[in-house]
Amino acid sequence: MQNYSSIQKFLHQIVLGNSFLARSLFEMEKSLFHKKDEIISNAEHVFITGLPRSGTTILLKALYETGDFASSTYADMPFVLAPNLFKQFSSKSNLQTKERAQQDGIELDLTSPEAFDEVFFKAFTQDESHEELQAFVSLILKKYQKKRYLSKNNLNYQRIELISSVFPNARFLIPFREPLQHAYSLLKQHQHFYKLQKQDSFVLEYMNLLGHHEFGLNHIAWNPAQQYTDPFSLSYWLEQWCMFYQNILKDKSKQSSLVSYSRLCESQEYRQALVTELKLTELTTVFKLAQADIQEDYDRDLYDKSNEIYQILNLSSTCKSLGDLSPYKVQS
């Protein structure tokens with residue numbers, strides 16, 4: 001996004017910023033490529049969701065590299081809702097392999113999957129999304145000639161019931177990390193994107209167009225702050241971490257699985273359990289556990305509370321569904 005040409009920026013602004021045009025392109029795409037008798041609702045699609053910086057992107061990359069899934073990729077931008085219609089157009093785009101804007105070592109190119117289905121959910125109401133989601137997914141499967149869909153969208157934890165009603169056999173993966181390291185990573189990304197968006201207004205516009213409000217000038221908290229309101233403090237992100245995973249633990253969805261990022265990094269047995277759970281071939285991606293040297297002040301009592309939640313998450317993260325959490329209690 002930082003190196004887009006003026007034409008590319010204009011296309012993104014026009015296509016992603018105009019809901020009427022987006023919906024019109026989707027209707028045209030459906031009329032040309034969607035077969036209503038195609039049955040994909042029973043497939044075991046996978047939706048990765050949860051807090052950013054929890055390992056969602058590297059997990060997306062790992063699952064996508066198995067070759068078992070189709071997903072929206074950078075080649076589909078900005079015509080996310082018409083992937084087949086603009087297939088030839090997008091294939092002529094030029095995006096060399098480069099590190100993504102988060103500067104975390106993850107490299108991207110045109111073939112890289114990314115969280116673009118928020119474009120779909122922004123274009124339609126909840127009722128409309130229920131009606132159109134199967135068509136949207138089927139169009140992506142058609143383009144990439146696959147039978148299973150893979151999504152990474154940090155906001156889909158709010159839509160588990162909706163998506164499950166369309167795809168009853170779908171799986172939802174919710175990664176988590178050690179709370180202090182995770183909160184620190186969130187803080188550093190907020191600082192990074194705040195500076196980036198100050199320097200380049202299109203970065204802010206791009207994030208708004210895609211519905212990404214995780215960091216920077218357009219940051220929106222996942223939950224209303226209780227004690228800490230300053231997103232430039234570590235305690236703010238630690239409090240957000242606690243509230244987010246408290247709410248996740250209260251979810252009784254049988255299709256959701258907690259995934260420990262540290263165990264993905266450290267245990268071949270744990271990775272194999274995930275492979276078995278999702279009925280995959282194998283995982284070849286190397287998961288790396290980063291440990292930052294944290295010097296910032298933070299609320300120690302809040303950290304103790306986050307560790308209690310973290311222990312419960314670990315007790316329930318051998319790819320077992322959240323429906324198995326009834327014996328565990330989390331204090332509000």
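Every number here is computed from the coordinates shown, using simple stated rules; none is lab data. Worth saying up front: this structure is predicted, and the values here are computed from it rather than measured. Glycine also receives a Cβ, built like all others from the backbone with ideal geometry; neighbour counts cover every protein chain displayed.
A few remarks follow.
- Fully extending the segment from Lys254 to Gln272, taken as 0.36 nm per residue of separation minus the present Cα-Cα distance, adds 4.4 nm.
- Inter-part distance, the range 110-168 to the range 277-320, computed on C-alpha centroids, equals 26 Å.
- 24 Å Cα-Cα threshold exceeded, pairs from Lys30/Lys147; Lys195/Lys250; Lys152/Lys279; Lys195/Lys305; Lys87/Lys152; Lys30/Lys122: Lys195/Lys250; Lys195/Lys305
- With all pairs of different C-alpha atoms in the average, the Kirkwood value for the hydrodynamic radius of the range 139-290 is 17.8 Å.
- Rounded to 10°, Cα long-axis angle of helix 19-33 versus longest principal axis of the chain: 60
- Per the Debye calculation on the range 181-269 with a single equal scatterer at every Cα and no solvent contribution, log₁₀ I(q)/I(0) for q = 0.15 Å⁻¹ amounts to -0.72.
- Taking Cys242, Cys265 and counting other C-beta atoms within 10 Å, the order from fewest to most: Cys265, Cys242
- In this label model, Asn314 and Glu131 are separated by 4.9 nm, measuring between points 7 Å along each Cα→Cβ vector.
- Proximal aspartates and glutamates relative to Lys36, as straight alpha-carbon distance under 17 Å, when same-chain residues fewer than 8 apart are discounted: Glu27, Glu128, Glu131, Glu132
- Rounded to 10°, Cα long-axis angle of helix 268-278 versus longest principal axis of the chain: 50
- The range 6-325: translational diffusion in µm²/s, Stokes-Einstein, Kirkwood Rh over Cα pairs, 20 °C, 1.002 mPa s: 105
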